[in-house]
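J.: Sharing a structure, written as structure tokens. Questions coming.
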There are 2 protein chains.
Amino acid sequence: MIRRSERLRAMLEGLRASGLRLTPQRVAICEALAMSRNHPTAYDLYRRLRRRFPTMSLATVYKTLDALVRLGLVSALGDAGDGMVHYDGDTEPHINLVCLSCHRVQDLEGVDVRALHQRVAARSGYALQGARLVYYGLCPDCQRKVEASIAEEA
Amino acid sequence: MIRRSERLRAMLEGLRASGLRLTPQRVAICEALAMSRNHPTAYDLYRRLRRRFPTMSLATVYKTLDALVRLGLVSALGDAGDGMVHYDGDTEPHINLVCLSCHRVQDLEGVDVRALHQRVAARSGYALQGARLVYYGLCPDCQRKVEASIAEEA
DNA sequence: ATGCATGCAAACTCTTTGCAAACGC
DNA sequence: GCGTTTGCAAAGAGTTTGCATGCAT
């Protein structure tokens with residue numbers, strides 16, 4: 001949990017430092033993103049925040065996410081088979097798991113990719129700014145569902 | 001080069017085996033994708049193929065790519081900062097490099113990710129179907145351009 | 001007080017779909 | 001010949017933009 005509040009802090013500080021104003025909407029978006037365990041889309045955040053900010057606009061969410069990504073404070077994971085961009089408040093290289101059935105995105109703990117990052121940096125010649133390490137497949141829950149539906153057909 | 005013609009073969013065979021017809025358009029799309037070094041978008045392929053097939057439709061390109069992805073013969077890399085989906089004829093897990101300035105996508109040779117794949121499969125509990133291992137940054141060419149433009153300002 | 005940010009709606013872009021004509025098998 | 005595939009155009013979906021109002025600094 002310490003990690004998460006650090007992330008929030010970094011986001012707010014980053015926005016402020018680059019001359020952007022800390023409006024209630026921006027703070028709320030950062031909070032929601034820093035605290036979320038799954039990796040929400042712009043629309044996910046919008047829906048969640050609309051409760052507290054009935055006038056919150058989807059455009060504001062997009063604009064804020066855009067600023068955060070440009071500042072390197074948040075990374076855009078790309079779509080998860082659902083055609084929507086998922087965002088990740090954790091910019092440290094790590095592995096994401098995408099379920100192609102339920103479109104959920106989660107982190108994989110316990111696999112260190114720092115050595116990989118070093119090797120890529122050395123061999124590529126690129127000035128690396130981030131990474132998206134995504135594995136696709138069926139999550140355990142959806143595997144069970146598929147098995148159940150096959151059993152049903154038989 | 002052997003690899004590339006094998007890929008083409010696998011794509012055509014895969015389409016045929018699943019009952020899809022080998023139309024000239026589909027063959028040409030597979031060829032262009034299997035042979036391409038960079039990772040083209042649907043529009044890239046469309047533009048390239050329109051020379052040989054003046055009536056080629058962008059919709060046909062999308063439909064064919066969709067079929068190839070569904071059959072697991074091609075993988076969709078997601079966007080490269082340009083908002084368009086890039087496709088990769090190589091479905092073996094490997095590392096892609098995306099340049100955030102010129103939006104080019106290339107493979108990184110010489111970094112083996114099979115051990116990583118094994119570890120992810122074991123720890124995640126997912127039935128893995130594929131991976132997208134993408135590092136973002138500035139390619140050597142664009143780094144030079146940035147340096148040049150900074151020098152110019154001074 | 002100044003000028004950036006919000007929020008609405010309209011515009012934009014990539015992608016998908018519907019359907020008549022054409023073609024692979 | 002049958003049924004799929006093509007290609008056009010129009011629809012769809014996610015994201016971005018323009019602009020008047022409101023608010024952080």
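Nothing in this text is a laboratory measurement; each read-out follows from the coordinates by a stated rule. As the structure is a computational prediction, the values presented were derived from the model and not from experiment. Here the Cβ is made from the backbone with ideal geometry for all residues, glycine too, and neighbour counts use every protein chain on show.
J.: So if I take the alpha carbon set of the protein assembly as shown, get Rg, then get Rh from the Kirkwood formula, what is the Rg over Rh ratio?
T.: Rg/Rh: 0.99.
J.: Would you kindly work out, in nm and rounded to one decimal, the distances from the label point of residue A:38 to those of the same position in each other copy, ordered shortest first, with label points 7 Å along Cα-to-Cβ?
T.: So the distances to the same position in the other copies read 3.7 nm.
J.: For chain B, what's the relative contact order in percent, using C-alpha pairs closer than 8 Å and at least 6 residues apart?
T.: 18 percent
J.: Within the range A:41-128, which trypsin sites (Lys or Arg not before Pro) sit in a loop by DSSP and count at most 14 neighbouring Cβ atoms inside 10 Å?
T.: Listed in order of number, the matching sites are A:50, A:51, A:52.
J.: Here's a follow-up. For the range B:68-109, what relative contact order do you get, as a whole percent, if you take Cα pairs closer than 8 Å and at least 6 residues apart?
T.: With pairs under 8 Å counted, the relative contact order is 30 percent.
J.: Is the shape of the range A:88-154 rounded, prolate or oblate, going by the alpha carbon gyration tensor and its root eigenvalues a ≥ b ≥ c, with a/c under 1.5 for rounded and a/b larger than b/c for prolate?
T.: Prolate, since a/c reaches 1.5 and a/b exceeds b/c.
J.: Compute the semi-axes of the equivalent ellipsoid of chain B, taking the square root of 5 times each eigenvalue of the Cα gyration tensor, and list them largest first in whole Å.
T.: Taking √(5λ) for each eigenvalue gives 29, 23, 13 Å, largest first.
J.: Let me ask something additional. Measuring from the axis that superposes chain B on chain A, report the chain B residue with the minimal C-beta distance, rounded to whole Å.
T.: Residue nearest the B-to-A axis, with distance in whole Å: B:78, 2.
J.: Give the average, rounded to an integer, of partner chain Cβ atoms located within 10 angstrom of each Cβ in A:117-127.
T.: 6
J.: Which of A:61, A:27, A:111 ends up with the largest GNM mean-square fluctuation for chain A, with Cα atoms connected below 10 Å?
T.: Top of the fluctuation ranking is A:111.
J.: Starting from one equal scatterer on each C-alpha and no solvent at all, send me the Debye-based log10 I(q)/I(0) for the range B:1-59 at q = 0.15, 0.19, 0.23 Å⁻¹, two decimals.
T.: -0.44, -0.70, -0.97
J.: If R0 is 51 Å, what FRET efficiency do you get for residue A:59 and residue B:9 from their C-beta distance, rounded to 0.05?
T.: Working: r = 48 Å, r/R0 = 0.94.
Efficiency, from the Cβ-Cβ distance: 0.60.
J.: Still on this structure, please answer the following. Rounded to the nearest 500 deg cm²/dmol, what is the calculated helix-only ellipticity per residue at 222 nm for chain A, with -39500 (n - 2.57) per DSSP H run of length n ≥ 4?
T.: -15000 deg cm²/dmol
J.: Ok, one more. Quick one: which residues, 5 or more positions from residue B:101 or on another chain, have an amide H under 5 Å from its amide H? H modelled 1.01 Å from N in the peptide plane, none for Pro or chain starts.
T.: Here B:139 satisfy the definition.
J.: Add +1 for every Lys or Arg and -1 for every Asp or Glu among the other residues with Cβ under 10 Å from the Cβ of residue A:77, and state the total.
T.: Values: positive: A:132, B:132; negative: A:79, A:88.
Residues close to residue A:77 contribute a combined charge of 0.
J.: Moving to a separate point now. Please find, in a Gaussian network model of chain B (springs between Cα atoms separated by less than 10 Å), the residue of B:39, B:117, B:103 whose mean-square fluctuation is greatest.
T.: B:117
J.: Determine the gain in length on full extension of the stretch residue A:20-residue A:112; use 0.36 nm per residue of separation and subtract their C-alpha separation, reporting nm with one decimal.
T.: Between residue A:20 and residue A:112, full extension yields 29.7 nm more.
J.: Taking springs between alpha-carbon atoms closer than 10 angstrom, which of A:13, A:109, A:31 fluctuates most in the Gaussian network model of chain A?
T.: Of the options given, A:109 has the highest mean-square fluctuation.
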